[in-house]
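J.: Okay, handing you the structure first.
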Amino acid sequence: GAVVSQHPSWVICKSGTSVKIECRSLDFQATTMFWYRQFPKQSLMLMATSNEGSKATYEQGVEKDKFLINHASLTLSTLTVTSAHPEDSSFYICSARAGTGPENEQFFGPGTRLTVL
Amino acid sequence: LAKTTQPISMDSYEGQEVNITCSHNNIATNDYITWYQQFPSQGPRFIIQGYKTKVTNEVASLFIPADRKSSTLSLPRVSLSDTAVYYCLVGALNTGGFKTIFGAGTRLFVKA
């Protein structure tokens, strides 16, 4: 299947700093990219959906000024956690889909473990 | 938005067939049903997707009744490495296309 990569795979930062996570679709063009957050022993929670060249659509309760999402090209989306705090520590997973229809398979990245001290 | 309901956990033994059923009573006409597998600290991995009746691939089968209000993932002859969380997802239409909402998932424990 298609490959989605994330970088970095893990990051530790100090409280108050910003962290950028990259998500790339390596062998296909991603019409839509998704960002999820997952806390230990919990399911994935969708944070936002982004389409190339347009603003991301955030889920209810997700602060768009804190979690900045940029989908500048069909193969790259970035999530920036601004002014990170310990409660932002989580496993962040991106996903990419080649089309917009429900029949289009969604491919997931390996995730990025963020630890905020 | 179609909500999914799955058993929280299941136990099985190596070599057995495992069937995990998911309820999605509010599934929409355009929704597809997709199952993913997730190991700890990894992203979800696609298992199988279907719209109706039966779908089979090299790792699993997916059974969907005519009313599509539920679906059953069937894993033949599980092994210890199949211990993971399995998610049943139903697509939902939003302004940007279809988005995927995860339910709680089913934790499958395969014992020797």
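The values are calculated or read from the model by the stated rules, or taken from the named source; none is laboratory data. As the structure is a computational prediction, the values presented were derived from the model and not from experiment. Methodologically, a virtual Cβ is constructed for each residue, glycine included, from the backbone with ideal geometry; neighbour enumeration extends over all protein chains shown.
J.: Evaluate the range B:46-60: report whether one residue or more is assigned to a strand (DSSP E or B), out of contact with any helix residue (DSSP H, G or I) (no Cβ under 6 Å at 6 or more places or on another chain), within 25 Å of residue A:3 (Cα to Cα) and among the hydroxyl-bearing types (Ser, Thr, Tyr). Give the steps one after another, and end with the answer.
T.: Step one: of the range B:46-60, the residues assigned to a strand (DSSP E or B) are B:46-50, B:53-56.
Next, from what is left, pick out any that are out of contact with any helix residue (DSSP H, G or I) (no Cβ under 6 Å at 6 or more places or on another chain): B:46-50, B:53-56.
Still in the running and within 25 Å of residue A:3 (Cα to Cα): B:46-50, B:55-56.
Narrowing the set further to residues that are among the hydroxyl-bearing types (Ser, Thr, Tyr) leaves B:56.
Within the range B:46-60, one or more residues are assigned to a strand (DSSP E or B), out of contact with any helix residue (DSSP H, G or I) (no Cβ under 6 Å at 6 or more places or on another chain), within 25 Å of residue A:3 (Cα to Cα) and among the hydroxyl-bearing types (Ser, Thr, Tyr).
J.: Confirm whether residue A:64 is surrounded by fewer than 18 Cβ atoms within 10 Å (Cβ to Cβ) and either under 12 Å from the mean Cα position of the chain (by Cα) or more than 24 Å from residue B:4 (Cα to Cα) (or both).
T.: Numbers: surrounded by fewer than 18 Cβ atoms within 10 Å (Cβ to Cβ): yes; either under 12 Å from the mean Cα position of the chain (by Cα) or more than 24 Å from residue B:4 (Cα to Cα) (or both): yes.
Yes: the conditions hold for residue A:64.
J.: Further question on the same structure: Does the range B:72-88 hold any residues that are away from chain A (no Cβ under 14 Å) and in a strand (DSSP E or B), and which are they?
T.: Initial filter on the range B:72-88 (away from chain A (no Cβ under 14 Å)): B:72-83.
Passing the criteria: B:72, B:73, B:74, B:75.
J.: Separate question: Looking for something aliphatic (A, V, I, L, M) and more than 9 Å from chain A (Cβ to nearest Cβ) - is there at least one such residue anywhere in the range B:91-103?
T.: Of the range B:91-103, the ones aliphatic (A, V, I, L, M) are B:92-93, B:101.
Still in the running and more than 9 Å from chain A (Cβ to nearest Cβ): none.
For the range B:91-103, residues aliphatic (A, V, I, L, M) and more than 9 Å from chain A (Cβ to nearest Cβ): absent.
J.: Any residue at all in the range A:39-60 that's in a loop (DSSP other than H, G, I, E, B), over 10 Å from the mean Cα position of the chain (by Cα) and closer than 16 Å to residue A:110 by Cβ?
T.: Start the filter on the range A:39-60 by keeping residues that are in a loop (DSSP other than H, G, I, E, B), which leaves A:39-43, A:52-56, A:59-60.
Add one more test, that the residue is over 10 Å from the mean Cα position of the chain (by Cα), and what stays is A:39-43, A:52-56, A:59-60.
Next cut, closer than 16 Å to residue A:110 by Cβ only: none.
Checking the range A:39-60: not a single residue is in a loop (DSSP other than H, G, I, E, B), over 10 Å from the mean Cα position of the chain (by Cα) and closer than 16 Å to residue A:110 by Cβ.
J.: If you don't mind, another one. Looking only at the range B:21-44, which residues are β-branched (Val, Ile, Thr) and outside any strand (DSSP E or B)?
T.: Filtering the range B:21-44 down to residues β-branched (Val, Ile, Thr) leaves B:21, B:27, B:29, B:33-34.
Correct list: B:27, B:29.
J.: Test of understanding: among A:54, A:50, A:77, which residue is more than 11 Å from chain B (Cβ to nearest Cβ) and of a type outside the set (A, V, I, L, M, F, W, C)?
T.: Numbers: A:54 fails: more than 11 Å from chain B (Cβ to nearest Cβ); A:50 fails: more than 11 Å from chain B (Cβ to nearest Cβ).
Testing whether each residue is more than 11 Å from chain B (Cβ to nearest Cβ) and of a type outside the set (A, V, I, L, M, F, W, C) leaves just A:77.
Here's the yes/no breakdown for (1) touching a residue at least 40 places away in the same chain (Cβ under 8 Å); (2) of a type in the set (Asp, Glu); (3) under 21 Å from residue B:104 (Cβ atoms):
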site: B:11; (1), (2), (3): yes, yes, yes
site: B:21; (1), (2), (3): yes, no, yes
site: B:26; (1), (2), (3): no, no, yes
site: B:47; (1), (2), (3): no, no, yes
site: B:51; (1), (2), (3): no, no, no
site: B:54; (1), (2), (3): no, no, no
site: B:64; (1), (2), (3): no, no, yes
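J.: Taking the range A:80-117 as the search range and keeping residues that are surrounded by 19 or more Cβ atoms within 10 Å (Cβ to Cβ), within 11 Å of chain B (Cβ to nearest Cβ) and without any contact (Cβ under 8 Å) to a residue 60 or more places away in the chain, which one is farthest from residue A:8 (Cα to Cα)?
T.: A:102
J.: Moving on to the next point. All but one of (1) within 10 Å of chain B (Cβ to nearest Cβ); (2) within 24 Å of residue B:104 (Cα to Cα); (3) at pLDDT below 95 hold for residue A:61; which doesn't?
T.: (1)
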